[in-house]
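Read through the structure below, which is laid out as structure tokens, and then see the notes.
The values are calculated or read from the model by the stated rules, or taken from the named source; none is laboratory data. Not measured: the values here are computed from a predicted model. Reconstructed Cβ throughout: ideal geometry from the backbone, glycine too, with neighbour counts over all protein chains shown. In case anyone asks, the SASA skips ligands and DNA or RNA and just uses the protein heavy atoms, side chains included. Shrake-Rupley method; radii C 1.70, N 1.55, O 1.52, S 1.80 Å.
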Amino acid sequence: MRKILIFFMAIVALTATSPAFATKRSIMELPLFERAVLIIKHFETLHQLKHRPYYGYGHRILPGERFPQSRPLTESEADALLRKDLKKFCAMYSKYGKDSILLGTLAYNIGPGAVNKSSVLKKLKSGNRDIFKSYTSHCRYKGKWHKGLYTRRCMEIAALFIP
């Protein structure tokens, strides 16, 4: 019962705070990729120069990448960077078909190395679709359980997972 309540609270929070839903549309009306973009934007702050090595919506600056040093990214530049990164992560998991966006979204947040070792991927590989507990176990920040990450995982699985 508690899981269902958290799921509905997460969906309501996303719909109520997202500017894309000013016309009272449901997130479920959007394509999976657009849902993932909205969820990431909802939970990631727009990182600026002082947040290095992170920039935009949680993009980790890689060696050799160049970004403006004198000005912050605009919202549209950060959006384009987010979409580019998310497409890259989804492509890494494209062999998982309908689950590639869910796995790509998780990889965007915790990294592809952690996803590749996760019980979520192992279960999906074996055909086990009962991944809620495994997916929501990725809720630790600096070794401690984090309620905001749990809410994010619930929202991701509710909006992106196709049973």
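Quick notes
- Odd one out for S119, checked against (1) surrounded by 20 or more Cβ atoms within 10 Å (Cβ to Cβ); (2) at negative phi; (3) touching a Ser or Thr at 6+ places or on another chain (Cβ under 9 Å): (1)
- When segment 125-163 is filtered for residues that are more than 25 Å from K84 (Cα to Cα) and crowded, with 20+ Cβ neighbours inside 10 Å, only I131 remains.
- Within segment 106-163, being among the β-branched types (V, I, T), over 12 Å from the mean Cα position of the chain (by Cα) and part of a helix (DSSP H, G or I) holds for V115, V120.
- Selected residue (criterion: least open to solvent (accessible area, probe 1.4 Å)) from residues of segment 61-105 that are in contact (Cβ under 8 Å) with a residue 60 or more places away in the chain and either β-branched (V, I, T) or not in a helix (DSSP H, G or I) (or both): T105
- Only residues that are assigned to a helix (DSSP H, G or I) and either open to solvent by less than 40 Å² (accessible area, probe 1.4 Å) or touching a strand residue (DSSP E or B) at 6+ places or on another chain (Cβ under 9 Å) (or both) were counted across segment 34-60, and they come to 7.
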